[in-house]
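Quick note: the coordinates plus some simple rules give every number you see, no bench work behind them. Please read these numbers as outputs of a predicted model, since none were measured by experiment. Every residue, glycine among them, receives a Cβ derived from its backbone with ideal geometry; neighbour counts consider all protein chains shown.
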Amino acid sequence: MRDWLKSEPIVITKGKGAVLEDVHGRKYLDANSSIWTNLHGHNHPKLSAAINAQLLKIAHSSALGLANEPASLLARELVDAANRPNLPRLGKVFYSDDGSTAMEVALKLAYEFTWRSGRSKTPRFLSLQGAYHGDTIGAVSLGHIDLFHKSYRGLLFKTDSVPSPYCYRCPHNRAKPDRADAREYRKCNWECVDEVEKRFKARRRQDNPYAAMVVEPLIQGAAGMIPQPGGWLKRVDQIVRQDGALLVADEVLTGFGRTGVPRGRSLFACHHEQVQPDLMALAKGMTGGYLPMAATLVTQKIFDAFLGEYSEFKAFFHGHSYTANQLGSAASLTSLELLQSTASVLSRITLQHALSENLARLWQLPHVGDIRQVGLIAGIELVKDWRTRERFPLRDRVGARVCEAMARRGVLTRPIGDVIVIMPPYCTTPTQVETIVSALVSAISQVLGVARATKRKPVALK
């Protein structure tokens, strides 16, 4: 906060497509989709029209004992999008406000379902080291990042953790550092999966099995853009299923096409490995980044555990004032329509290839230790020397300084420690991707005093 107060913040006034403009008329490429939410670009005509059309009808009405048209239609579309042939069906939708509340809903539903079903009187959860699932108390309890969670330890309930499949820094990876994504050259025996199995067996021996395991499928976001090696999610899902526990997928970051276009064109990360969770949390890009809205999808079996006579009070006693908001629902319906169009699919494939091609230039820089890309998400980990993987001291603020230097070059993003995040809107062109990566190359060179990688002609913003 002290560093932030030292200088005038960038005050954004408007945006169009992948470009933002500040109060001084300076233009910037939005390289992190306005904190991972904006999918189709700013000021998208179809999204704006959908919200304006809904405003002429009604902006909001209570969902407590009532329903509304756009939210009902959206629930049907979300269920259709979240299901795949030959996988268990997610059939019910509970609306909330953001990723934290979507995870809070999932957590409470899983907890209550577990003790009602007789599986455990004291349900407990398992998540990954480095996990971040939101800032509400339940979601924080699932997290394991001291920076975000340590201050609130006295408020939290106990959860367990297993090692994250962080190939670049995994103690079981015997491979020497190389100029490639660490997942590609790792040498291990899936010890990270073995740890999951050991945890489940240990809880079984205590006669108190887990209620659920919670994961961000394919890649952990706030942990530092840590991707899972291919097959990890499927292996873990099999362990969870054999145990009889629930699988909770936090698709707040990974959902709505962010992890690329798998076979079958699914919009969700789980389906890349033919995995279907029992509960799926959605938010961030749900409205295309236009309004706060979230949803938690669950199976019919979980829903049925909350049915009963009035006097039994078995209902799920949880709600939000703006649950099922009509404006957010209208934006989400239009966003889903855009995502499922052939034009959007082709655009996402093009963007993924452009990112991959341009990010490869960074391997020439000695302070780039790992480049981790999953679909339309990229994390570039900066280190003192790629040969040793040695980290920079925290006081050096390397990631923050590189992003500040990028801003001076007309590109906005935020670091996670010394991991630079590149996650642009889906409308970002290959030329704009080249500009983003050129700005990153130049910023790293300036901050860390190294020779630049292959130079390319700067591209003017439009």
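Under the rule of -39500 (n - 2.57) per DSSP H run of 4 or more residues, summed and divided by the residues of the chain, what mean residue ellipticity at 222 nm is obtained, to the nearest 500 deg cm²/dmol?
Numbers: 15 runs with 159 residues, N = 462.
Mean residue ellipticity at 222 nm (helix-derived): -10500 deg cm²/dmol.
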Fewest to most neighbouring Cβ within 10 Å: what's the order for 307, 333?
-> 307, 333
Mind checking the full-extension length gain between residue 23 and residue 189? Use 0.36 nm per residue of separation minus the Cα-Cα distance, one decimal, nm.
-> 54.4 nm
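Please tell me the relative contact order of the range 294-443 in percent, rounded to the nearest whole number, where contacts are Cα pairs under 8 Å and at least six residues apart.
Values: 146 pairs, mean separation 28.1, N = 150.
Rounded, it is 19 percent for the range 294-443.
Below 8 Å, C-alpha to C-alpha, sequence gap of six or more: please give me the relative contact order for the chain in percent.
Working: 879 pairs, mean separation 101.0, N = 462.
Once normalised by length, the contact order is 22 percent.
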Integer Hz, Karplus 6.51/-1.76/1.60 couplings in order for the range 291-308, x for Gly and Pro | 9, x, 6, 8, 8, 10, 9, 9, 7, 4, 4, 5, 4, 5, 5, 10, 9, x
At the level of C-alpha centres, the distance separating the range 237-267 and the range 303-318, in angstrom, is 28
What whole number of Å gives the distance from the Cα centroid of the range 146-175 to the Cα centroid of the range 70-130?
-> 23
Net lengthening on full extension, residue 6/residue 337 (0.36 nm per residue, minus Cα-Cα) = 114.8 nm
Given H placed on each backbone N at 1.01 Å, which residues far from residue 38 in sequence or on other chains put an amide H within less than 5 Å of it?
-> none
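Quick one: which of 395-406, 411-422 comes out on top by average Cβ neighbours within 10 Å, and what's the full order, highest first?
Numbers: 395-406: 18.5, 411-422: 21.5.
Going from most to least packed, we get 411-422, 395-406.
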So what's the gap between the Cα centers of the range 344-388 and the range 1-48, to the nearest angstrom?
-> 22
Which residue, chosen from 126, 111, 172, occupies the Cα position most advanced towards the positive end of the dipole of the range 53-339, where the dipole is computed from +1 (Lys, Arg) and -1 (Asp, Glu) charges on Cβ about the Cα centre?
-> 172
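Regarding the chain, what is the average projected area of its C-alpha convex hull, in nm²?
Details: hull surface 91.4 nm².
Approximately 22.9 nm², given one-decimal rounding.
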Out of 102, 66, 163 - ranked by how far each Cα lies towards the positive end of the dipole of the range 53-339, with unit charges on the beta-carbon of charged residues - the top one is 163
